[in-house]
Amino acid sequence: MAAVNSAGVDIHYDVYADGDRPWLVFAHGAGGNAACWWQQIPYFYRNYNLVTFDHRGFGRSRCSLEQFREACNVADLEAILAAVGIDRAALVCQSMGGWTGLRFALDHPQRVTALVMSHTYGGIRAEAIDGARDATAERGFPSEPFGHWAVALDLPERNPALAHLYRTIGAFNVDFNAFGGVQAFRDLDLGVDPEELTGYGVPTLFVTADHDVVILPAAIEAAHALTPGSELINLGDSGHSSYFEIPEVFNSTVAQFLARHCT
């Protein structure tokens with residue numbers, strides 16, 4: 001465990017490295033923190049050097065409400081890469097982490113070997129995405145005490161221990177939860193205009209699944225259509241967190257994509 005100060009906040013990160021191998025950085029979503037990648041780290045460590053981190057306001061990266069700005073996340077990622085000495089890396093981004101990853105790829109395309117956008121449109125602005133986002137108002141409700149929007153709504157019945165673990169990891173986001181959760185996001189204008197994607201050339205994979213009620217597959221399909229050269233895959237029987245719910249399928253899919261772009 002290490003930390004780097006970025007705009008007055010200590011951003012905590014973990015490094016798993018062994019020699020001269022490609023770098024892979026994981027950016028978590030609003031329901032997680034660095035610990036949520038527990039099923040990815042041992043798998044990808046076989047072929048990559050890895051970095052996980054807690055976004056500001058999540059996990060160990062404690063901050064005040066005034067310091068809790070999504071707009072700082074890209075600078076925070078830059079600070080981590082500088083501290084570790086990473087020039088180029090692939091990014092695997094879940095949900096909220098996609099805002100960090102896509103903006104970083106747009107600002108620094110030469111530093112991103114590949115980008116995985118897992119259940120995220122990364123803030124791309126488009127009517128089709130807005131329409132899909134509005135449709136989430138029709139979703140069902142998570143069951144208590146183990147249910148959560150960010151996993152399939154039937155996961156507590158199929159695998160209550162895994163559903164409970166998801167909620168437990170999220171409970172360590174002390175600041176984010178105290179700030180009011182997603183209602184605390186204040187950078188509402190933070191996004192990507194489709195025009196910014198003109199000439200975009202970073203190899204990008206969009207991942208979705210049938211039972212995502214947070215960011216519907218239609219929104220991911222629209223983001224893919226707007227992102228030149230991107231790929232899209234629907235992993236089927238999972239909710240918003242396929243990396244957590246069906247890790248074997250998620251890991252193998254991402255590994256195949258990265259193998260084509262990360263050397």
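Selection within segment 75-85: residues that are of a type outside the set (D, E, K, R) and either in contact with a helix residue (DSSP H, G or I) (Cβ under 9 Å, 6 or more places away or on another chain) or closer than 17 Å to Asn33 by Cβ (or both). The member of this set that is surrounded by the most Cβ atoms within 10 Å (Cβ to Cβ) is Leu77. The condition (being of a type in the set (Lys, Arg) and surrounded by 16 or more Cβ atoms within 10 Å (Cβ to Cβ)) is satisfied by just one residue among Arg88, Arg103: Arg103.
Listed conditions (1) over 19 Å from the mean Cα position of the chain (by Cα); (2) loosely packed, with under 12 Cβ neighbours inside 10 Å; (3) among the small types (Gly, Ala, Ser) are all met by Ser143, apart from (2). Against the test of being in contact with a Ser or Thr (Cβ under 6 Å, 6 or more places away or on another chain), under 25 Å from His12 (Cβ atoms), in contact (Cβ under 8 Å) with a residue 60 or more places away in the chain and among the aromatic types (Phe, Trp, Tyr), the options Phe172, Phe244, Phe250 yield a single qualifying residue, Phe250.
Count of segment 124-171 residues, restricted to those that are aromatic (Phe, Trp, Tyr), under 27 Å from Thr204 (Cβ atoms) and part of a loop (DSSP other than H, G, I, E, B), is 1. Out of the residues in segment 30-51 that are among the polar types (S, T, N, Q), within 21 Å of Leu258 (Cα to Cα) and within 16 Å of the chain's Cα centre (by Cα), which is surrounded by the most Cβ atoms within 10 Å (Cβ to Cβ)? Ranking the candidates gives Gln40 first. Which one of Asp54, Asp14 is buried (at least 24 other Cβ atoms within 10 Å of the Cβ), of a type in the set (D, E, K, R) and under 22 Å from Phe250 (Cα atoms)? Result of the check over Asp54, Asp14: Asp54. You will find that of Asp76, Asp20, Asp14, the residue that is farther than 17 Å from Phe244 by Cβ and without any contact (Cβ under 8 Å) to a residue 24 or more places away in the chain is Asp20 and no other.
Each value in this text was obtained by applying a stated rule to the coordinates, not by laboratory testing. No experiment lies behind these values; they were computed from the predicted model shown. Heads up, the Cβs are rebuilt from the backbone with ideal geometry, glycines too, and the neighbour counts pull from every protein chain shown.
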